[in-house]
Amino acid sequence: VGPQGSSPPVPSLFPPLTVTSEQIEHLHRRFKQLSRDQLTIRKENFDSIPDLEFNPIRGKIVHAFFDKRNLRQESDGLVDEINFEDFLTIMSYFRPIEMNMDEEQLDRFRKEKLKFLFHMYDSDHDGKITVQEYRNVVEELLSGNPHLEKESARSIADGAMMEAASICAGQMGPDQVYEGITFEDFLKMWQGIDIETKMHVRFLNMETIAHCY
Amino acid sequence: SQGIIERDETPMEKEIARLHRVDFEFSDIFYFCRKGFEAIVEDEVTQRFSSEELVSWNLLTRTNVNFHYISLRLTVVWVIGVVVRYCFLLPLRFTLATIGITSMIVGATVVGQLPNSSVKNYLSELVHLTCSRILVRALSGTIHYHNKENKPQKGGICVANHTSPIDAIILTNDGCYAMVGQVHGGLMGVIQRATVKACPHVWFERSEIKDRHLVTKRLREHVADKSKLPILIFPEGTCINNTSVMMFKKGSFEIGGTIYPVAIKYDPQFGDAFWNSSKYNIVSYLLRIMTSWAIVCNVWYLPPMVKKEDEDAVQFANRVRSAIAHQGGLTELPWDGGLKRAKVKDTFKEEQQKNYSKMLVRNGSIG
């Protein structure tokens, strides 16, 4: 009898993941590679991915993996390390739409993805995207360009916030101060725009390995 | 290349234009977010530093990462395979290897005593070739050489892609080269000291390697002497898993002279030749090689190349690399093999940021 390969523990996730066991095996191998055969990953482990270095919002993406809100934990803040189950939980935000989903599932799906994005912007975890937080994101995206001054980045951010404010709180009185974009407002902004197909990572169909019987 | 995720290759400009309702938008973050996730699930570079996976199993457990029990018949066949490999092939190969190495040391020392003459050169070549052939037999190597008319000539530099330490033996099986490398201790050191008496190999002390100019100078002197054997260099600097060719270090291409590129492609069906130095040391590596079925590879000699007037060393290196990758059926990656151990430079990240902001300025969203 040949030796058994170590199969990863398949966690129970809500909502349930409909990926194949092969895909989970691949992700598990990737996890082991990133964690250098440890059981958990820390922020430093993401430094070993050269392609990720290209990305201007790398910090926010890595941060998202350790954000307790994304890991569906009750409390707030960041964790220090994540195990494979948490890794899969974060990955599940990026699964593609399946054909057999009904209206309710699609709607929940969409909300999940938008919530993930919302958490990326809302860095102080207070449930609102303020002008300052938005400016941070714009600056990160543009910081590599030496010709672009901070002022320009700021004006872009302010312009976009005003646009958002007009959509969400058009009925505001003249003496009301716009505090920030809440999640409901965020959802409103995205109505009618198809984001599900933009925010997914699709696995290729694996070829079956030839068995001999 | 065999990837596991489907990548959307639309360029950044198109993708962001599609997402836009107005100018800079919350949506721009989508593109970078997705790219980031794709990189986390799978990146082009890290997969080159682990062995290639086979589609169908070749009865070596080491090549099947997801090994699990399939059927009794297969297991029996596998057990017979193990017995054959470890009890029959291994001792045979080990004996041959010992004979090969001993004759190399003894032969080279003996020839080294002779005064410099054409007889000495002839005998030295004979010794090197014979011992190489014995060593290749010791690994059960089956090598097909193509385009032998392009074989490296004296006074030239031979450049090849690097997969394992036995690359050098594969090439010396068919011709004589002057090796370039660092002086080692132990058995390797003994071989180095013996062979350098018979034939002008270029061995550097560890301290000398740090001084790039010294290295270049010595190599230049060697190349300038047209009666000396061609030098053998592996410009990637480290072992790659034979599915791609990584960045060539430009130092080899600054020496001048004619470059003779050689492409080496191993057939993974019979045995995995890739040395993953972070996972295995040299002894376990050699053990694995000697208990594989065979080492089967193709060697293509490519037509000689020289540096053109208007190109610099880096462009020349890339040109040679393309030729090798094209011939061997390997993909080309612009990354440095040193990434096996080091981090990416910040300049790359800044590049992407610059591109993105240039795009915004063009779209007129900034005053």
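Residues in segment B:181-191 that are crowded, with 16+ Cβ neighbours inside 10 Å and more than 18 Å from B:Leu129 (Cβ to Cβ): how many? I'd like the intermediate steps shown before the answer.
Here is the first cut: in segment B:181-191, the ones crowded, with 16+ Cβ neighbours inside 10 Å are B:181, B:191.
Among the residues that remain, those that are also more than 18 Å from B:Leu129 (Cβ to Cβ) are: B:181.
Count: 1.
When B:Ile29, B:Ile40, B:Ile99 are checked against the criterion of being more than 10 Å from chain A (Cβ to nearest Cβ) and either modelled with pLDDT of 85 or more or in a helix (DSSP H, G or I) (or both), a single residue qualifies: B:Ile99. Looking at (1) open to solvent by 10 Å² or more (accessible area, probe 1.4 Å); (2) at positive phi, which is the one condition that is false for B:Arg212? In the conditions (1) open to solvent by 10 Å² or more (accessible area, probe 1.4 Å); (2) at positive phi, B:Arg212 misses (2) alone. Residue check: is B:Thr258 open to solvent by 10 Å² or more (accessible area, probe 1.4 Å) and closer than 19 Å to B:Thr331 by Cα? No. Within segment B:302-319, restricting attention to residues that are of a type in the set (A, V, I, L, M, F, W, C) and more than 13 Å from B:Gly156 (Cβ to Cβ), the residue that is surrounded by the fewest Cβ atoms within 10 Å (Cβ to Cβ) is B:Val314. Within segment B:114-142, the residues that satisfy the criterion of being open to solvent by less than 30 Å² (accessible area, probe 1.4 Å) and either touching a strand residue (DSSP E or B) at 6+ places or on another chain (Cβ under 9 Å) or outside any helix (DSSP H, G or I) (or both) are B:Leu135, B:Val136, B:Leu139, B:Gly141.
Look at B:Val111 and say whether it is modelled with pLDDT under 90, surrounded by 13 or more Cβ atoms within 10 Å (Cβ to Cβ) and closer than 19 Å to B:Phe270 by Cα. Criteria not met by B:Val111.
The values are calculated or read from the model by the stated rules, or taken from the named source; none is laboratory data. Note that the structure is predicted; figures quoted are calculated from it, not measured. Every residue, glycine as well, gets a Cβ built from its backbone with ideal geometry; the counts of neighbours run over all protein chains shown. Just so you know, the surface numbers come from the protein's heavy atoms only, side chains and all, with ligands and any DNA or RNA stripped out. Shrake-Rupley method; radii C 1.70, N 1.55, O 1.52, S 1.80 Å.
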